[in-house]
Amino acid sequence: MQEKIPVLEVSDLHVARSNSVVIEDANFTIHQGDYVGIVGPNGGGKTTLLLAILNILPKTRGTIRLFGQDIESFSRWEKVAYVPQHAVNFDPHFPLAVRELVSLGRVNRGNLGRPLKRKDWESVDEALEFMGISDIANRRIGQLSGGQKQRVFVAKALVRKPEIILLDEPIVGVDAGTQEKFYKKLSDLNVAKGITIMLVTHDLTAVFCRMSKVMCMNRWVNTAEITEDLKPNEVLRKAYGEHFHFVFHEHECKRVFEDE
Amino acid sequence: MNELVDVFRLFGFQFFQNALLGGTIVALACAWVGLFLILRKEAMIGDGIAHTAFGGIALGLFLGINPILTALLVSILAVLGISYMRKRGLAQSDSAIAVMLAVGFSTGLIIISLAGGFNVELFSFLFGSILTIDQTDLIIVSILGISTILILGIFYKELLSMTFDEEDARLMGIPVRLLSLTFNLLVAITIVLSIKVIGVILVVALLVLPGLSALQLNRSFKGTTLAAIGFGTVSMTTGILLSAVYNVATSGVIVFTAAGIFLFTAIYRKLE
């Protein structure tokens, strides 16, 4: 059996915001090719965890290693892409075409002060095509629907050719059909391109039907492989409380795959 | 017909050539810097720094140094002061601008009273006098203006990235703080250059109106930038030409033309 390569290793992680502890003693490892759903009640520390991994929020204790390197000295940030919760809430009057926005994903310290090259624009067009949005490349970003916005921001993340993508609730406020198509695209990314995905979501069905790991958070972190033997209720109740009962319909998972 | 002959005759004069060249460089820099200011929601920083620069102009006239250079120095200090107040949490952006505006303008007033009153030269800095731009001023305007345009061109994509999403730009390793400071210095330079052309009071119009008109067209960023530069240049050259022919205040005609373009683009947007 092929040994799994660790991409993200977190140990004894403690993070505080405004003097209150948000994450306490978190320990987990994410491997290359994992598709992780991060779930838990509001205020459970999901966004904080992503920000700590990105070294945007300082940790109070513990270590975070990305690709084997401590984040304090980590420099290969082009391997990491992040789609924040607020990404789609941009100013709709901002004068930017879809292709221009996606091209911003290629702007980094490595090409500071130099114009984008032809190969950068080829990557942009490739990402647009992969996400199925080539036809709206010249459309202004303020004219996009909710579903299109999500795909555009994933294309922007993808154009960096990352090895891990962190997404923070990217499907809020869109209809079920659009959500389904979005998850399908993420699955394709995970399977076809081997990109590790960590996704914060409240969509428990998507997590248990689509993903390989579930990470339950409520200050603490509990990670479990999603297998047929896994009992979702046992995992989720620890985070949401004993009085919750989660009902999963097997046909929902079946429908997800039949549609494909 | 006589006016047309007058216009052609004007092109033969050195003062008119200087005014057109200097004015075009300033219009270009203003439109480009102004578009970024609008998108960063910092348009009023232009007005604040222009008024602060008034103190620098008074100082230059009082000491007998080229006022553009002293205004530049004071404006750069004002930009650094605003950044410091914001960073240290001493004041919000608009309050920090208000503080600098008041301090700079009142310094100018004290210097004027010490010098013994208001003179014609100071008046020309308040309301602009592009038609009287001399060779030295033209050289200063050209060097600083073209440097500003070049720096904007070099860091165009980084500035766009930071303007759209600063956190993301920081994550991508773009030196956001250094580039923000550089941009603010470019704002100070552009404003000081514009003072000779349009005067302290109306600088903000030259910064904001071309960008605002371009935004009405609903184009891509590239299209909006080109439109802003086009509108700025057209306002400037039309203003210089009309004011020379009809002998009216140049700054007034430039702003009037820019405002007219804004009106037309706003109507276009409504009809679209």
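A few notes on this one:
- Partner shielding of B:150-159 amounts to 3, given as the average count of beta-carbon atoms from other chains within 10 Å of each residue beta-carbon.
- 10 Å Cβ shell holding at most 14 others, DSSP loop, chymotrypsin sites (Phe, Trp or Tyr not before Pro): longest site-free stretch of chain B: B:119-272
- Of the GluC sites (Glu not before Pro) found in the range A:45-114, the ones in coil according to DSSP and having at most 12 other Cβ atoms within 10 Å of their Cβ are A:Glu72.
- Shielding of A:74-85 by partner chains, average beta-carbon count, 10 Å: 2
- Value of relative contact order over chain B, rounded to a whole percent, pairs C-alpha under 8 Å and six or more apart: 30
- Taking every DSSP bridge with both residues inside chain A, close to 55 percent are antiparallel.
- Distribution of pairwise C-alpha distances over the protein assembly as shown, 10 Å bins, in %: 4, 16, 23, 20, 15, 11, 7, 3, 1, 0
- Along chain A, longest interval not containing exposed chymotrypsin sites (Phe, Trp or Tyr not before Pro), exposed being DSSP loop plus at most 15 other Cβ atoms within 10 Å: A:1-243
- Computed from the alpha carbon atoms alone, the convex hull of chain A holds 153 Å³ per residue.
- Burial ordering of B:Cys30, A:Cys209, A:Cys216, fewest other beta-carbon atoms within 10 Å first: A:Cys209, A:Cys216, B:Cys30
- Residue order, fewest to most beta carbons within 10 Å, for B:Lys41, A:Lys184: B:Lys41, A:Lys184
- Under the span-like rule (Cα at least 20 Å along the axis, Kyte-Doolittle mean at least -1.0), DSSP H helices of chain A: A:176-192
- Across chain A, Cα pairs under 8 Å and at least six residues apart give a relative contact order of 26 percent.
- Annotation: the residues B:Thr190, B:Thr225, A:Thr60, sorted from fewest to most other C-beta atoms within 10 Å of their own C-beta, follow the order A:Thr60, B:Thr225, B:Thr190.
- For chain B, the Stokes-Einstein estimate of translational diffusion at 20 °C and a viscosity of 1.002 mPa s comes to 113 µm²/s, using the Kirkwood hydrodynamic radius over alpha-carbon pairs.
Values quoted throughout were computed directly from the atomic coordinates according to the rules given, and no laboratory measurement underlies them. Just so you know, these numbers come straight off a predicted model, no measurement behind them. Cβ atoms come from the backbone with ideal geometry, glycine included; neighbour counts cover every protein chain shown.
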